[in-house]
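Peer 1: What follows is a structure written as C-alpha cells; I'll ask about it next.
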Amino acid sequence: MPFFAAAFFPDADPLASTLSALGVFAVGFFFRPLGGAILGSYADRHGRRAGMTLTILMMAGASAAIAVLPTYGQVGVLAPILLVVARCVQGFSAGGEFGTSAAFLVENAPPGRRAWAGSWQQVSVGAGTLMASALAAVMFSFLSDAFVGTWGWRIAFGIGAVLGLIGLWMRMAIPDTQAFVTVRDQGRIERQPLRAVVRDHPRAMLRVIALICAGTALGQFWLVALPTILRTKTGIELRDAQLAAMVGLVLFTVLLPFAGALSDRLGRRPVLLIFALGSALTFAPLLNSVGTTLSSALIAAAASAVLLAGYGGSLAAVMAEQFPPEVRAAGISLPYGIAIALFGGMAPVLATATIRADAFWVFQAAITALCLVSAVAYWRMPETARR
C-alpha cells in the first residue's frame, strides 16, 4: 500500500499518502450496495451462472485497467480520478459477486452440509487474498523498493486480471442450480427481485447487516489491511507484517471447511457466538500485544484467524437461509453490500486516522462494540441449520 499510495497520492507525509489510498480503497466498498442491488437482481432473474459470469468479467476488466493506469507524476490529478473510477467498478462487481456465488454454492449443497459447501466461497476469497499477500511478501523480500514502486504493483494487478479471465472461462461451463431451474420452470421468477426483498423481507435484511458487521470489519482489518496498519502503528518491518498477515490467511483459509462442518453439526448460533464474544474479548489485547517483533505479530494474526474462521465458515449458509430462492441473490447481496461498505471499507481508514490522531483506543472500542452487536444478533436469530 505505501508504494501504491506514493504513485497516485504523493505527499511529504507518508501517513497522509497512505490514508488517501485507503480512502480510495473504501470508496469502492460504497459501490457494493449498488452492485448488490443491480447484479443480485440480475442473478435472480437470469440465473446464478449468468450473474457470476457478469461479475467476474467486470472485476477482471477493472483490475486490468488499474495495471496500466498512469501515475500522478505522469498525468497529475487525472491519475487518482481514473483510479477511483476503476475502484468503483471493482466495488460494483464485488457487490453482486458475493451474494450470487453464495446462493450458487448453498443451493448446490448436499443435505445437511450447506455451511460446509458455502464455506468454499470464503476459501476462494482467502486463497485469492493469500496469493496477493504472498506476491507482496516476495516483492518486499527480493525486489528493490524502486521496482516495487514503479512496476511491482502493476504486475500484481495484471496477474489478478489474468486469473479473472480464467475464472470467467470456468464459470461459463457450469450449469445453473436446481433451485433456480425449479423457480424458472414453475414461472415464479420475480420481475423485480430487489423490490420484493425490501417489501417482503425487511427484517431478514436488517438481520444480515447485524450478522456480518463485526465479521467484515475484523476480516478487512486482520486479513487485508494488517501490514499497513501494523507498520503505521508499531514501526514493524513491512516484510514481517506481511508475513504475519500471510500466516493468518493460511490458517483462516485452511480452517474454513472445518468451521463450516462444525456449523452444520452444532448449528449456526453456537459457532457464530464463539466468534463474536471471543473477538470482543481478545481484539484489543491482541492488537496491543504486537510490537516490532515478528513473533508478536504472528501470535495476534493466528489467534484472530481462528476466530474469524468460525464466522467465515457459517457466513454463506446463514445468509442464504434467510431468503427464499426467488430473491436469494438480491436478498444476500444488498444488505451484505451495505454492511461491508459501512463497516468493512471504513475499518482500515478509521484505524489509520485514529493512529494519526493518537486516539487508537477509539478504533478498538468501535470494533469491540460491533462484536457485541453481532453477538446479540446471533443470540436472537432463529436457528436455520436444521431447516
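Peer 1: Just to be sure I understand: with springs between alpha-carbon atoms less than 10 Å apart, which residue in ALA366, ALA115, ALA309 has the highest mean-square fluctuation in the Gaussian network model of the chain?
Peer 2: ALA366
Peer 1: Whole-Hz Karplus ³J(HN,Hα) for the stretch 311-324, in order, using 6.51 cos²θ - 1.76 cosθ + 1.60 and θ = phi - 60°, x for Gly and Pro?
Peer 2: After applying 6.51 cos²θ - 1.76 cosθ + 1.60, I find 5, x, x, 9, 4, 4, 5, 5, 6, 4, 6, 8, 9, x Hz.
Peer 1: A further question on this structure: Determine the calculated [θ] at 222 nm for the chain from helices alone, applying -39500 (n - 2.57) to every DSSP H run no shorter than 4 residues and normalising by the residue count; nearest 500 deg cm²/dmol.
Peer 2: -26500 deg cm²/dmol
Peer 1: Between VAL362 and ILE299, what FRET efficiency follows from the Cβ-Cβ distance if R0 is 22 Å, with the result rounded to 0.05?
Peer 2: According to the calculation, E is roughly 0.35.
Peer 1: Connecting C-alpha atoms closer than 10 Å in a GNM of the chain, tell me which of PHE343, PHE258, PHE98 has the biggest fluctuation.
Peer 2: Checking each option, the largest mean-square fluctuation is seen for PHE258.
Peer 1: In addition: Top mean-square fluctuation among LEU256, LEU218, LEU135, Gaussian network model of the chain, C-alpha springs under 10 Å?
Peer 2: Its mean-square fluctuation being the largest, the pick is LEU135.
Peer 1: Length gain on complete extension for the stretch LEU163 to ARG184, per 0.36 nm per residue less the alpha carbon to alpha carbon distance? Walk me through the numbers before you get to the answer.
Peer 2: Numbers: separation 21, 0.36 × 21 = 7.56 nm, distance 3.15 nm.
That pair, LEU163 and ARG184, stretches by 4.4 nm at full extension.
Peer 1: Output wanted: per-residue J couplings in Hz (rounded whole) for the stretch 372-384, from phi through Karplus 6.51 cos²θ - 1.76 cosθ + 1.60, θ = phi - 60°, x for Gly and Pro.
Peer 2: Going residue by residue, I get 5, 4, 5, 4, 4, 5, 5, 5, 8, 6, x, 6, 10 Hz, with x marking Gly and Pro.
Peer 1: Which order do the peptides 329-337, 288-296 take when ranked by the mean count of other beta-carbon atoms within 10 Å per residue, highest first?
Peer 2: Details: 329-337: 31.9, 288-296: 14.7.
Highest to lowest by the protection proxy: 329-337, 288-296.
None of the figures in this text is laboratory data; all of them are computed from the coordinates on show. Just so it is clear, the structure is predicted and the values come from calculations on it, not from any experiment. Quick reminder, even Gly has a Cβ in these numbers, built from the backbone with ideal geometry, and neighbours come from all protein chains shown.
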